[in-house]
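Student: One structure, as structure tokens, below. Some questions next.
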Amino acid sequence: SPTEPNVEFAQRHQIPIYFTRPFRSFQLNQAFHLAHIARVEKVDVIHACLRPPGMFLCRIAALVSNKPLVLYLGTSGGVYNKNPVIRFLQKSLYRWVVETSEGVIAMSHFLADQLRSELRIKENFEIAVIPHGVDLSLVRKTGSVAVRNEGQGNHVLRAVHVARLAPEKGQDITLRALAILAKRGYSLSVDFIGDESSPAYTAYLHDLGQKLALPENTVHFLGYRPLAEIYQILQGYHIFLQPSREEGQGIATVEAMAAGLPVVASDVGGLKEMVLDDATGFLVERENHNDLAEAILSLMEDDVRRLKMGEAGYARVLENFSLETTERKFISFYERKFEHF
């Protein structure tokens, strides 16, 4: 999609982009098309950031074009057929793709462990873990945290939830937590930023907000925003919310920490590796809106704690999740795997 953050990055750096239709299993014409692109562009490696069907086609393209294949896992698990025979064949093909690739990288230890368990891959099979990094030069952090915590008085604090509107991202959990806070007399304004590509779920969220009788101007749905714009507008918030039901890494949480925001996230998947509980924010029980409300409240009532958590989050990104750190890890990985180039 032309709106994806990696496409925005490629366009800024004048990297050639080819757009294709979504990869579907066994549509081999797409594999041959990718192989043609690989030959035309004279690429050294095919680097696949897709779900299993797309990775299978990339494996075929790599064989046809005689190029090495590296898999980059950024999402949780595959979606398999309910028929046990078909499911077995799908997993067998996926295992073949993984085990015959020249390298496999996961965004988190959670994704690496999940892949081993899902496909019963041997423990000695190498899966490198390289989290998605943040370009700190795009995040206008200087002084922002301190400003957000000075002179609040009776002003309403602002929280933000950045993710596509989808059940697995837990926007409905946030709404239920807001209802709890409102009943207890606390005011928190929450902006939802994200693609509204699931009309049914979007409609459900609007209906739920009305059923919960949330106070006026408590919730705003801002739709899709370019990544560069998100980096800038994060400075106008006090708290970042990510109560996902599942998460491979939790890139948005890392971006929020880079902007100096304390994060309240669910204790699932890669989020447990990104957020340090009671240090850079809070990890709350999955699908527990009561737990979420309590964590938010603790940040609303303690400006100093909120400030310290925001600063700790920024320091954590600077040390572990900056774009420079990610680049060094990728370079090291490729130099080790393809030293013959």
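The values are calculated or read from the model by the stated rules, or taken from the named source; none is laboratory data. This one's a predicted model, so the numbers in the text were calculated from it and none came from an experiment. With ideal geometry, Cβ positions are generated from the backbone for all residues, glycine too; neighbour counts draw on all protein chains shown. Heavy atoms of the whole protein, side chains included, go into the accessibility calculation; ligands, DNA and RNA do not. Shrake-Rupley method; radii C 1.70, N 1.55, O 1.52, S 1.80 Å.
Student: Given (1) under 28 Å from ASP113 (Cβ atoms); (2) out of contact with any helix residue (DSSP H, G or I) (no Cβ under 7 Å at 6 or more places or on another chain); (3) basic (Lys, Arg), where does ARG316 come up short, assuming only one miss?
Tutor: ARG316 satisfies every listed condition except (2).
Student: Considering region 163-188 alone, what residues qualify as being under 23 Å from the mean Cα position of the chain (by Cα) and open to solvent by 20 Å² or more (accessible area, probe 1.4 Å)?
Tutor: ARG164, PRO167, GLU168, LYS169, ARG176, listed by residue number.
Student: Could you check how many residues of region 53-70 are open to solvent by 20 Å² or more (accessible area, probe 1.4 Å) and more than 25 Å from ARG336 (Cβ to Cβ)?
Tutor: Within region 53-70, residues that are open to solvent by 20 Å² or more (accessible area, probe 1.4 Å) and more than 25 Å from ARG336 (Cβ to Cβ) number 4.
Student: Let me ask something else. Would you tally the residues in region 196-205 being in a loop (DSSP other than H, G, I, E, B) and either on the phi > 0 side of the Ramachandran plot or open to solvent by 70 Å² or more (accessible area, probe 1.4 Å) (or both)?
Tutor: Step one: of region 196-205, the residues in a loop (DSSP other than H, G, I, E, B) are 196-198.
Subset that is either on the phi > 0 side of the Ramachandran plot or open to solvent by 70 Å² or more (accessible area, probe 1.4 Å) (or both): 196-197.
Count: 2.
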